[in-house]
């Protein structure tokens, strides 16, 4: 089981849960599985071509997947995944 | 430069700190800090930097104070509604500490003036409310070689990080480009708990003072995220991206550009009863 931290803007899709669980062998698979349980999540994370959106970052155990293998980064039981979007406000 | 007796008393709680002392307080007195945005984050940052005795504080904002600002933009008071934000902020800073010189830049921070605006300052504080400006501030500070303390707030979530150009991860190393319009909620659309601006703006002021003093461990290569609902802080490690379009090995951004989208472009919508 993998723990996935959901940022506030996406929580309406996860019934306001800040953390959900997923079973997956890779980030790509995790996104598919999350989308099956929480429809709409994939659209928020990926563009039309299925690539991760450029203002969304995904971390596995605090490491940015862009420095790992991107969507092909493998996952194993007990991994913690964080979805980290940019925050704009300030005024 | 020597401090008067009054200044020694005013700054005594700083001077008592071994990390600051008279020497550090002089560094603060000589420092020039630019605050982009005299709003939610800029207000507490400006107050604490002014109280600390920062020699010069620059304020950039082209807006007037709106009644809906007062819930969090604590440097503006009720009688200031309709008045220039930079002027309102300047008056409060000078009332708090006449040692501080305030430079008012009553204009928008855009690609055309960004580098000119930051050039005379030692540290820049990001207190703007939209992605295009946040990316522009990042790019300007990387190109201009100015330390930047980034902050962001929305709803109950806040974030701070420090960027030392070409030494630590910049905003674009982490987030490559602004999200398209409409995909991310703004404060005006989504709301923000007022005191959160105080938490994040005050952290930004603290980081700026650490840079000026050259003490401690800067908040670089880390995003410090604050979840006000859970009352937790979390650190997300970041690192320089060799492919970063502005500070990477082969940068594609070598001059400044204005991004079109504005997260807070929606004007106030009146709720009909």
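Any read-out appearing in this document is the output of simple, stated calculations on the displayed coordinates, not a laboratory observation. Computed from a predicted model, the values in this text were never measured in an experiment. Don't worry about glycine lacking a Cβ; one is built from the backbone with ideal geometry, like all the others, and counts go over all protein chains shown.
Counting neighbouring Cβ atoms within 10 Å and putting the fewest first, the residues B:247, A:46 line up as A:46, B:247. Taking the alpha carbon gyration tensor of segment B:56-133, multiplying each eigenvalue by 5 and rooting it gives semi-axes of 21, 17, 10 Å, largest first. D by Stokes-Einstein for segment B:198-237, Kirkwood Rh over Cα pairs, 25 °C, 0.890 mPa s: 221 µm²/s.
In the protein assembly as shown, Rg over Rh equals 0.99, where Rg is the alpha-carbon radius of gyration and Rh the Kirkwood radius from pairwise Cα distances. With springs connecting C-alpha atoms under 10 Å apart, model chain B as a Gaussian network and identify which of B:57, B:200, B:15 has the largest mean-square fluctuation. Residue with maximal mean-square fluctuation among B:57, B:200, B:15: B:15. Over chain A, the ratio between the Cα radius of gyration and 2.2 N^0.38 Å evaluates to 1.01. Summed over qualifying helices (DSSP H, 4 residues or more, each -39500 (n - 2.57)) and divided by its residue number, the protein assembly as shown shows a 222 nm mean residue ellipticity of -8000 deg cm²/dmol.
Note on chain B: Cα-only Rg and Dmax are 18.2, 61 Å.
Would you work out if segment B:77-230 is rounded, prolate or oblate? Take a ≥ b ≥ c from the square roots of the eigenvalues of the alpha-carbon gyration tensor; rounded if a/c is under 1.5, else prolate when a/b is larger than b/c, oblate otherwise. Since a/c stays below 1.5, the shape of segment B:77-230 is classed as rounded. Computed from label points 7 Å out along Cα-Cβ, the spacing between residue A:63 and residue B:78 is 5.7 nm. Here is the P(r) of segment B:1-72: all C-alpha pair distances, binned every 5 Å from 0, give 3, 15, 23, 19, 13, 11, 8, 6, 1 in whole percents.
For the segment A:62-71, counting C-beta atoms of other chains within 10 Å of every residue's C-beta and taking the mean gives 2. If you run the Gaussian network model on chain B, springs between alpha carbon atoms under 10 Å, then out of B:132, B:18, B:179 the most flexible one is B:18.
Value of Rg to Rh for segment B:93-157, rounded to two decimals, is 1.01; Kirkwood radius and Rg both from alpha-carbon coordinates. Springs join every pair of Cα atoms under 10 Å in this Gaussian network model of chain B, and among B:209, B:219, B:17 the largest mean-square fluctuation is at B:17. Each label was represented as a point 7 Å from its Cα along the Cα-to-Cβ direction; for residue A:80 and residue B:32 these points are 4.4 nm apart. Semi-axes of the equivalent ellipsoid for segment B:1-148, computed as √(5λ) from the eigenvalues of its C-alpha gyration tensor and ordered from largest down, come to 26, 20, 12 Å.
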